[in-house]
Amino acid sequence: MFERLFKYPQELFQEGEVGFSTRMPAEVRLLLCVVAAALVFWLYRRSRQSLSPLRRKLLIALRSVTLIVLIIMILGPTLRLPNLKNEETFVAVMLDASKSMTIEDSTKGGSRFGAATKLLMGDKTGDGLVTGLAKSYAVRVFAFADGAKRANDPRAILPDGERTNLFRAIRDVDQELRGLPVAAVVLLTDGGNNGAGSPLEMASHLAAQKIKLYTVGYGSPNPPNDYEIVRVAVPQKVRRNSQVEAFTTVRCTGYKDLFTVYLRQGEAILSTMPVRPQPGKDMYQVRFTFYPEQVGQQKYNLYIKPAPDEKVKDNNLREFAVEVSEHRLPVLYVEGSPRTEFRFVRRALFRDSDFRIVSILRTGHGRFYVQGADDMPELQKGYPTTKDLLFKFEAIIFGDIEAGFFTPEQLRMTEQFVNERGGGFVMLGGVNSFNLGGYVGTPIEGLLPVTMESGKSAYSFERFKMQVPEATLRHPILHQDDDPEQNQKVWEHVPELQGYNLMKGVKSGARVLGVHPKTGQPILAVQPYGRGRAAAFCTGSSWAWRMAVPIENEIQEKFWRQFVRWLAVGSKESVSVTLDRDVYAKGEPVILRATVLGAALEAVNDAAVKAKIQDPFGNVEELDMPWILMQDGVYQCRYETREHGDHKVSVHVGIPKLKAIDIDTAFSVTQPFLEFNNAGLNETLLRQMAENTDGKYFSESDTSGLTGEIRKLLAQQERTGSYVEEKDLWDAPIFFIVLVLCLGLEWSVRRRAGLA
């Protein structure tokens, strides 16, 4: 209880004395307290409120005590500990037990950890650091990586830490030895640090307590020759058969020859990318594309074959996971007449089970032929009239149909569909589309990537072969073959189209994927718009790519499937579940988030959201996911990883007045490779940390004077009597308790007296 109130054990107060850090005479400190009390007395004497003598005295006393306590805290009370004998003085020795210490580049041969352990414990040739100091002083050994723990048997320490946090490790040691007379801390490490917090800040904290830090650095300052997969950026959730882009950063240190990065699923190679090292550069970004065919969580990896002399091989492989959805992509296609293009576009999407194509074909005034909308009876009357219905789709195709067919509200909803919902929109060419259909001045004009002629220029029925600029051949819409050269040949020999709409130009943010070979007129253009994507395909004759080729050639079908998948990539889901990453290290927290939207995709803040997480051994933990008050529609929970392997996640979302939704996802817990990132000896950091405490840095090859340096320090402190430790008391809980009690009682008395 005493330590909880006064911050330190009673024994320390008995051995030491209480003073102040400020060099202010005691008379001045006393005068400040008297002045504060007098000021309070004077203010209450001048008060015009009628108070009983007892209440007035009580208020004066409470306010005076409050001010006096504040003055004492500002003056900086300290506990000064007297000189102690050597055998009562502690030395903490910290041994780095992270995986980077397993690198075999010690100056004396072998691993860094082996060299550090030899210094710590000694061998047949001599005593170690522990034995040398323990004869006269109290030595405490700690193993550290992400944090520090006391090691009762230093020989049992293993270098298996998956990350290093010097800040947290030193803080843990400081807290473990809190209240004890610690003179020095010895740090045996390679200086690697990949955790939060500043090691230099903790060194300054030791210096404030008059604790010197001695650092010993292990390993080569130059990282060993190494290939490393540094990071991977890839979407967490994709649709089956859609193009996925994976961007990876690789590091090549010390090697000059061409090397290859492999994209694999298990051991099966999906793609390769050669990288040629360049002088003065060690980081390279590599782009891979692939098309997942299996539904569910699919695991992939990026891999570089180790070189014969490569010492660190664990970081040559990095796994990542992609959640592949079988959700059918809902597409709404509106056409003004039963033309050939309508039949072939609809058939291309209908024959692929990844799509749910709903078509509205105008057959006469107020009459429609609707297909694929058995559960949407409202569409029998034509285009959706509510956002709830329209937002059920993820892509919209406008065929050869004039703007006058739609109401102004329907056109505004379509613009909002792309801008707010993140859906995809494309308008096809025809005699009743673009400027010929009166779309100039409507909300649709704003989202199109092309600029239309203001007048009603004639539709050109010229036959032409669409030319694809070489720079755009890698665009997902134009993907016909994984081989870039073969893909280029496909578009060089594509059949001719017939007819197109003349355009004034394209907008600044648009990308032109196809042009007229002679005039340069845009035929296919795309652009991002709001949260979604928009496109203009200024012809209505892509059917020729099906009719004029052999039956086995599916250029037209592939084109439209890739086109619609690309358009719909940004569309929002009513419920989406995301993880802050897809691969974690053991012990790392998993942040699971669910975004819940209503029928019109508005944020829902009163949903009941729960998550079930199953570890690789079948153990299930159920977690509530409360709403994050600062973010509408977002719910979150935190899960601590305990086991390596694949973890299954199931999120149940109950939305008032709507059907409950269940979303499944997964994540993996694997061995991380942070310890091998830029794993050379960080001598600069270790020197700075030691200098901040007036300590000293020792190289691995010259540690003979370390024990003598510490003995010299302790002998000097004993001889000069300078080893007097000051511990701050201003933040002792007793002061805050007194302040709260005094202010609370004063407020209560004032309220009863009618002053509050």
Worksheet, complete the sentence: Of the residues in region 376-404, those that are surrounded by 17 or more Cβ atoms within 10 Å (Cβ to Cβ) and more than 27 Å from His327 (Cα to Cα) number 3
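Residues of region 354-364 being part of a strand (DSSP E or B) and surrounded by 15 or more Cβ atoms within 10 Å (Cβ to Cβ), which ones? I'd like the intermediate steps shown before the answer.
Of all residues in region 354-364, those part of a strand (DSSP E or B) come to 355-364.
Of everything in region 354-364, those that are part of a strand (DSSP E or B) and surrounded by 15 or more Cβ atoms within 10 Å (Cβ to Cβ) turn out to be Phe355, Arg356, Ile357, Val358, Ser359, Ile360, Leu361, Arg362.
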Discussion item. Just to check your reading of the model, which residue among Leu473, Leu513 is closer than 26 Å to Ser242 by Cβ and modelled with pLDDT of 95 or more?
Written reply: Leu513
Worksheet item: Does region 593-610 include one or more residues that are basic (Lys, Arg), more than 14 Å from Asp632 (Cβ to Cβ), surrounded by fewer than 17 Cβ atoms within 10 Å (Cβ to Cβ) and at pLDDT 80 or above?
Response: yes
Practice prompt. Residue by residue through region 611-634, note down the ones that are closer than 21 Å to Glu323 by Cβ, crowded, with 16+ Cβ neighbours inside 10 Å and touching an Asp or Glu at 6+ places or on another chain (Cβ under 9 Å).
Written response: Ala611, Ile613, Asp615, Gly633
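Are any residues in region 443-459 acidic (Asp, Glu) and either modelled with pLDDT of 95 or more or part of a helix (DSSP H, G or I) (or both), and if so, which ones?
Of everything in region 443-459, just one residue is acidic (Asp, Glu) and either modelled with pLDDT of 95 or more or part of a helix (DSSP H, G or I) (or both), namely Glu445.
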Worksheet item: Can you name every residue in region 90-149 that is part of a helix (DSSP H, G or I), free of Cβ contacts under 8 Å to residues at least 60 places away in the same chain and basic (Lys, Arg)?
Response: Lys118
Practice prompt. Provide a single number: the residues in region 156-182 that are buried (at least 24 other Cβ atoms within 10 Å of the Cβ) and either of a type outside the set (Val, Ile, Thr) or not in a loop (DSSP other than H, G, I, E, B) (or both).
Written response: 4
Worksheet, complete the sentence: Inside region 428-442, the number of residues satisfying the requirement of being over 18 Å from Val345 (Cβ atoms), hydrophobic (A, V, I, L, M, F, W, C) and either under 43 Å from the mean Cα position of the chain (by Cα) or in a loop (DSSP other than H, G, I, E, B) (or both) is 1
Worksheet item: Just for region 490-505: of the residues that are aliphatic (A, V, I, L, M) and under 22 Å from Glu445 (Cβ atoms), which one is surrounded by the fewest Cβ atoms within 10 Å (Cβ to Cβ)?
Response: Leu502
Worksheet, complete the sentence: Matching residues in region 588-620 (closer than 30 Å to Arg163 by Cβ, over 20 Å from the mean Cα position of the chain (by Cα) and in a loop (DSSP other than H, G, I, E, B)) number 5
Worksheet entry | Filtered residues of region 574-587 (kept if of a type outside the set (Gly, Ala, Ser), buried (at least 17 other Cβ atoms within 10 Å of the Cβ) and assigned to a loop (DSSP other than H, G, I, E, B)) | Asp582
Worksheet item: Can we say Arg367 is surrounded by fewer than 22 Cβ atoms within 10 Å (Cβ to Cβ), in the same structural domain as Gly336 (by TED's automatic domain parsing) and either at pLDDT 95 or above or within 20 Å of Met427 (Cα to Cα) (or both)?
Response: no
Worksheet entry | Residue satisfying condition, being surrounded by 23 or more Cβ atoms within 10 Å (Cβ to Cβ) and within 34 Å of the chain's Cα centre (by Cα), within set Val418, Val345 | Val418
Discussion item. I'd like the full set of residues that are surrounded by 24 or more Cβ atoms within 10 Å (Cβ to Cβ) and either of a type in the set (A, V, I, L, M, F, W, C) or more than 23 Å from Leu349 (Cβ to Cβ) (or both), limited to region 526-543.
Written reply: Val526, Ala534, Ala535, Ala536, Phe537, Cys538
Worksheet item: Scanning for something of a type in the set (A, V, I, L, M, F, W, C), crowded, with 20+ Cβ neighbours inside 10 Å, assigned to a strand (DSSP E or B) and modelled with pLDDT of 70 or more, does region 668-689 turn up at least one residue?
Response: yes
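In this structure, is Gly441 in the same structural domain as Phe405 (by TED's automatic domain parsing) and without any contact (Cβ under 8 Å) to a residue 24 or more places away in the chain?
For Gly441, the condition - in the same structural domain as Phe405 (by TED's automatic domain parsing) and without any contact (Cβ under 8 Å) to a residue 24 or more places away in the chain - is met.
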Worksheet, complete the sentence: Quick count over region 1-33, residues being free of Cβ contacts under 8 Å to residues at least 24 places away in the same chain, assigned to a helix (DSSP H, G or I) and either surrounded by 10 or more Cβ atoms within 10 Å (Cβ to Cβ) or among the hydrophobic types (A, V, I, L, M, F, W, C) (or both), is 8
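Let's see how each residue does on (1) surrounded by 13 or more Cβ atoms within 10 Å (Cβ to Cβ); (2) of a type in the set (D, E, K, R); (3) touching a strand residue (DSSP E or B) at 6+ places or on another chain (Cβ under 9 Å):
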{"residue": "Tyr439", "(1), (2), (3)": "yes, no, yes"}
{"residue": "Thr442", "(1), (2), (3)": "yes, no, no"}
{"residue": "Gly455", "(1), (2), (3)": "no, no, no"}
{"residue": "Ser460", "(1), (2), (3)": "yes, no, yes"}
{"residue": "Lys465", "(1), (2), (3)": "yes, yes, yes"}
{"residue": "Val468", "(1), (2), (3)": "yes, no, yes"}
{"residue": "Pro484", "(1), (2), (3)": "no, no, no"}
{"residue": "Gln488", "(1), (2), (3)": "yes, no, no"}
{"residue": "Lys507", "(1), (2), (3)": "yes, yes, yes"}
Worksheet, complete the sentence: For region 549-563, pairs from a residue that is farther than 13 Å from Arg347 by Cβ to a residue that is buried (at least 17 other Cβ atoms within 10 Å of the Cβ) and among the basic types (Lys, Arg), with Cβ under 8 Å and 6 or more apart or across chains, are Ile555/Arg546
Discussion item. It is to be established whether one or more residues within region 284-303 are among the β-branched types (Val, Ile, Thr), more than 30 Å from Leu95 (Cβ to Cβ) and either surrounded by 15 or more Cβ atoms within 10 Å (Cβ to Cβ) or in contact with a Pro (Cβ under 7 Å, 6 or more places away or on another chain) (or both).
Written reply: yes
Discussion item. Anything in region 508-534 that is over 34 Å from the mean Cα position of the chain (by Cα) and of a type in the set (D, E, K, R)? List them, or say none.
Written reply: Lys518
Discussion item. Being more than 33 Å from the chain's Cα centre (by Cα), under 29 Å from Asn241 (Cβ atoms), part of a loop (DSSP other than H, G, I, E, B) and of a type in the set (A, V, I, L, M, F, W, C): is that true of Ala373 here?
Written reply: yes
Response to the item:
Within region 403-413, residues being touching a Phe, Trp or Tyr at 6+ places or on another chain (Cβ under 8 Å) and under 22 Å from Glu341 (Cα atoms) number 3
Worksheet entry | In region 535-579, the residues that are more than 29 Å from the chain's Cα centre (by Cα) and of a type in the set (Gly, Ala, Ser) | Ala535, Ala536, Gly540, Ser541, Ser542, Ala544, Ala548
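Okay, residues lined up against (1) exposed (fewer than 14 other Cβ atoms within 10 Å of the Cβ); (2) in contact (Cβ under 8 Å) with a residue 60 or more places away in the chain; (3) over 25 Å from Asn692 (Cβ atoms); (4) of a type in the set (Phe, Trp, Tyr):
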{"residue": "Ala207", "(1), (2), (3), (4)": "no, yes, no, no"}
{"residue": "Lys210", "(1), (2), (3), (4)": "no, yes, no, no"}
{"residue": "Thr215", "(1), (2), (3), (4)": "no, yes, no, no"}
{"residue": "Pro224", "(1), (2), (3), (4)": "no, yes, yes, no"}
{"residue": "Val234", "(1), (2), (3), (4)": "no, yes, yes, no"}
{"residue": "Ser242", "(1), (2), (3), (4)": "no, yes, yes, no"}
{"residue": "Phe247", "(1), (2), (3), (4)": "yes, no, yes, yes"}
{"residue": "Lys256", "(1), (2), (3), (4)": "yes, no, yes, no"}
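The values are calculated or read from the model by the stated rules, or taken from the named source; none is laboratory data. Since this is a predicted model, take the numbers as computed values, not measurements. Note that we place each Cβ from the backbone using ideal geometry, even for glycine, and neighbour counts take in every protein chain shown.
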